[in-house]
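See structure below.
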Amino acid sequence: MQNTLDARIPSGPIEQKWDRCRFEMKLVNPANRRKHTVLIVGSGLAGAAAAATLGEQGYQVQCFSFHDTPRRAHSIAAQGGINAAKNYRNDGDSVFRLFYDTVKGGDFRAREANAYRLAQVSVNIIDQCAAQGVPFARDYGGLLETRSFGGVQVERTFYARGQTGQQLLLGAYQALERQIAAGTVTMHPRSEMLDLVVVDGKARGIVTRDLRTGAIHSHVADVVVLATGGYSNVFYLSTNAKASNCTAIWRAHRRGALFGNPCYTQIHPTCIPQAGEYQSKLTLMSESLRNDGRIWVPKEKGDSRRPNDIPESARDYYLERRYPSFGNLVPRDVASRAAKEVCDEGRGVGPGGHGVYLDFRSAIERLGPDNVRDKYGNLFEIYERITGDDAYQVPMRIYPAPHYTMGGLWVDYHLMSTIPGLFVGGEANFSDQGANRLGASALMQGLSDGYFILPATVPDYLARTELPRVDTSHPAFREVEEDVRQRTHALLQADGRRTVDSFHRELGRLMWDNCGMARSDASLRRALAKIPELRDEFHKDVRVLGTEEELNQSLEKAGRVADFLELAELMCTDALLRAESCGGHFRVESQTSEGEAKRDDAGFCYVAAWEYPGPGQAAVLHKEPLTFEHVHLAQRSYK
């Protein structure tokens with residue numbers, strides 16, 4: 001274990017750190033910007049925003065996406081909203097309160113400086129997006145409308161019905177397309193990054209595979225930015241798009257980038273329950289529904305009556321009962337564990353008892369069906385299309401599911417990893433969210449990183465760093481290309497009997513059972529014994545059809561699952577070491593008498609950043625101590 005990490009947090013009052021940092025950054029002359037190339041991997045909110053902004057500044061930007069268009073990035077799936085400390089409601093919100101809620105919501109496992117900057121920049125994001133034409137909801141007088149999300153007692157979440165991510169992504173996409181038309185950004189669709197190239201200790205390029213032809217290409221740059229999202233698909237069943245994966249960040253990790261807090265995964269409390277053994281993904285029901293929906297289960301075990309036949313006296317609105325101050329709007333980790341608890345007691349509803357009710361009867365009676373339809377109409381439609389049930393007539397059935405990952409590549413205050421020249425934005429970095437992200441803060445962080453942070457810190461690196469000319473003939477590029485070809489060839493040559501999906505499904509079940517909503521010393525050791533066996537079996541017995549020189553989705557999935565099989569071991573290693581409960585990381589040995597997460601601040605008040613030392617060697621732990629000067633350490637309470 002080593003303590004060598006420098007987060008480069010500026011000195012001075014927390015309110016002035018970001019302004020001071022920006023002032024102290026070196027600039028690049030406009031005439032020199034066109035001489036620098038920046039590669040941005042990912043075209044979601046963080047990637048598209050960074051590409052558009054850096055392109056507009058005058059840099060030569062190349063943006064890569066494994067989709068056929070940036071509009072298909074998984075950011076499009078975000079539903080409920082985006083936080084900003086505008087205080088339009090005059091209900092007591094402020095930059096400091098958003099900062100406080102973020103640190104507390106993350107269970108005191110986030111950097112104060114980063115969380116404050118996120119709150120500070122949030123107010124600019126709404127102005128930026130509104131200027132782009134993002135159709136945020138507005139009240140009758142035309143003013144921007146807001147609503148509440150979990151873990152807060154103010155209404156600071158801006159939204160566009162239940163499709164906020166889609167509308168924000170379209171805003172970033174049109175900014176990106178404008179720069180593509182201007183010639184400052186070159187888009188590489190259907191291109192998947194398979195490895196990072198490091199020259200003289202600095203990130204200088206990537207190796208990609210053209211998903212249409214199978215061709216392997218190298219790309220040279222002065223800076224590489226990864227904005228490739230999270231890794232919840234390690235659980236197989238998650239709310240993530242099926243193509244979402246960890247390959248870009250994992251390959252960077254193997255090249256020297258430390259991986260921060262891999263065990264911090266978020267289980268979202270409001271998802272449509274799994275319907276069958278061969279289901280391939282889960283569907284999110286926006287947290288915004290908890291504004292007006294009430295969550296309940298029958299008071300008695302085994303009550304199999306239809307929900308509308310169960311009287312009020314026989315219902316347990318357990319979140320309202322246990323957390324009267326926040327009610328149904330407690331943070332996600334708290335709501336998820338509470339749902340699991342009542343289901344484990346035998347009071348769950350639906351097939352297998354894996355579900356709780358989300359009921360809108362009171363809201364429909366109070367507001368009328370038309371007002372409810374205006375706020376949540378498309379979400380009700382999604383629910384009916386998937387389940388066949390009309391949520392205006394019967395309660396929704398929901399259950400927690402893997403959703404977001406707070407872990408990711410470790411970055412400093414400038415969002416640069418431990419590899420100089422490799423920056424990481426959005427969900428791909430270990431984030432500003434600590435051990436649990438508050439609802440509506442993912443879109444905030446993605447756009448904060450993309451529009452405001454990276455466009456300031458990337459030029460500073462370029463201005464301060466000597467970058468000798470490099471091209472793809474450099475031996476480092478040839479070596480990485482050969483590594484990629486050998487990995488691809490090995491997957492095709494295995495010629496086993498099992499499909500890629502069968503291995504992914506087995507890994508997902510193993511991770512959900514042993515490193516999911518609840519973790520224990522025994523379960524994590526069980527997973528750590530099984531994962532290497534499953535990984536060896538995968539490489540010996542997987543069957544990947546087709547060839548490498550064509551469109552081959554089986555090959556794409558095989559490479560991604562191979563990386564998940566390695567990441568899963570690091571997640572369990574991190575979870576085993578962190579013998580405390582905090583946020584989404586819940587160790588059953590570490591809980592209060594009331595079943596709440598119990599932190600160990602004396603032993604674990606740090607960021608765990610893991611180094612890859614080489615094949616067959618145990619990961620090496622580095623620690624970044626966390627200090628709290630403005631939001632003092634305390635046991636979280638939402639009662």
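The values are calculated or read from the model by the stated rules, or taken from the named source; none is laboratory data. Because the structure is a prediction, the values reported are computed rather than measured. Neighbour counts are summed over all protein chains in view; Cβ atoms, including those assigned to glycine, are modelled from backbone coordinates with ideal geometry. Side chains are part of the model used for accessible areas, which takes the heavy atoms of the whole protein and leaves out ligands, DNA and RNA. Shrake-Rupley method; radii C 1.70, N 1.55, O 1.52, S 1.80 Å.
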- Note on the structure: With the stretch 355-416 reduced to its Cα atoms and the Debye formula applied, log10 I(q)/I(0) at q = 0.26 1/Å amounts to -1.17
- Message: Heavy atoms only, 1.4 Å probe, whole protein assembly: order LYS301, LYS281, LYS17 by accessible area, highest first.
- Response: LYS301, LYS281, LYS17
- Can you figure out the FRET efficiency of GLU533 with HIS354, using R₀ = 22 Å and their beta-carbon distance, to the nearest 0.05? 0.20
- With a 1.4 Å probe and all protein chains in place, put ILE386, ILE180, ILE126 in order of accessible area, largest first. ILE386, ILE180, ILE126
- Message: If you count only protein heavy atoms and use a 1.4 Å probe, how large is the accessible surface of GLU365, to the nearest 10 Å²?
- Response: 140
- Reachable aspartates and glutamates, given that their alpha-carbon falls under 16 Å from the alpha-carbon of LYS104 and they are not under 8 places away in the same chain: ASP93, GLU112, ASP333, ASP432, GLU596, ASP600, ASP601, GLU629
- If ligands, DNA and RNA are left out, what is the accessible area of ASP370 with a 1.4 Å probe, given in Å² to the nearest 10? 100
- Task: Report Rg/Rh for the chain, rounded to two decimals, where Rg is the Cα radius of gyration and Rh the Kirkwood radius.
- Result: 0.95
- Calculate, for the chain, the solvent-accessible area per residue in square angstrom, rolling a 1.4 angstrom probe over the heavy atoms of the protein chains. 38
- Query: Where the Cα atoms of the stretch 332-478 are projected onto their three principal axes, how long is each span, largest first, in whole Å?
  - Reply: 67, 36, 29
- Over the stretch 424-519, what number does the Rg to Rh ratio reach, with both radii from the alpha-carbon atoms and Rh per Kirkwood? 1.12
- Give me the percent of Cα-Cα pairs in the stretch 144-265 that sit more than 25 Å apart, rounded to a whole number. 45
- Mind listing the long-range amide H neighbours of GLY151? Cut-off is under 5 Å, sequence gap 5 or more, other chains count too, H placed in the peptide plane at 1.01 Å from N. VAL330
- Task: Based on the mean of other Cβ atoms within 10 Å per residue, sort peptides 417-429, 197-209 so the most packed one is first.
- Result: 417-429, 197-209
- Item | About the Cα centre, charge dipole magnitude for the chain (Lys/Arg +1, Asp/Glu -1 at Cβ), debye | 320
- Query: For the stretch 120-215, what percent of Cα pairs sit more than 24 Å apart?
  - Reply: 49
- Query: Evaluated at 4 °C with a viscosity of 1.567 mPa s, what Stokes-Einstein diffusion coefficient in µm²/s does the stretch 463-536 have when Rh comes from the Kirkwood expression over alpha-carbon pairs?
  - Reply: 80
- Note on the structure: Rounded to two decimals, the Debye log10 I(q)/I(0) of the stretch 269-402 (Cα scatterers, no solvent) at q = 0.11, 0.19 Å⁻¹ is -0.35, -1.15
- Task: In Å³ and rounded to a whole number, note down the convex hull volume per residue for the Cα atoms of the stretch 518-569.
- Result: 78
- Message: Take the residue pairs LYS242/LYS301; LYS86/LYS639; LYS299/LYS598; LYS35/LYS281; LYS299/LYS375 and return only those whose Cα atoms are more than 32 Å apart.
- Response: LYS242/LYS301; LYS35/LYS281
- Query: Using modelled amide H (1.01 Å from N, peptide plane; none on Pro or chain starts), what sits under 5 Å from the amide H of ASP195, excluding residues fewer than 5 places away?
  - Reply: VAL207
- Area projected by the alpha carbon convex hull of the stretch 476-603, averaged over all directions, nm²: 10.2
- Query: Ignoring ligands, DNA and RNA, what percent of the 1.4 Å accessible area of the stretch 29-83 is carbon and sulfur?
  - Reply: 44
- With all protein chains in place and a 1.4 Å probe, HIS67 shows an accessible area in Å² (nearest 10) of 40
- Message: Tell me the Rg and the Dmax, in Å, that the Cα atoms of the stretch 106-153 produce.
- Response: 14.1, 41
- Dipole magnitude of the stretch 269-402, debye to nearest 20 (Cβ charges: Lys/Arg +1, Asp/Glu -1, about Cα centre): 240
- Message: Counting only protein heavy atoms and a 1.4 Å probe, tell me what percentage of the stretch 269-402's accessible area is made up of carbon and sulfur.
- Response: 46
- Message: Report D for the stretch 305-380 in µm² per second (integer): Stokes-Einstein, Kirkwood Rh on Cα pairs, 10 °C, 1.306 mPa s.
- Response: 113
- Message: How much length would be gained if the chain were fully extended between SER362 and ARG543, taking 0.36 nm per residue of separation minus their Cα-Cα distance, in nm to one decimal?
- Response: 59.9 nm
- When the stretch 597-639 is reduced to its Cα atoms, the Kirkwood hydrodynamic radius in Å: 13.0
- Highest mean first, what order results for 77-86, 343-352 on Cβ atoms within 10 Å? 77-86, 343-352
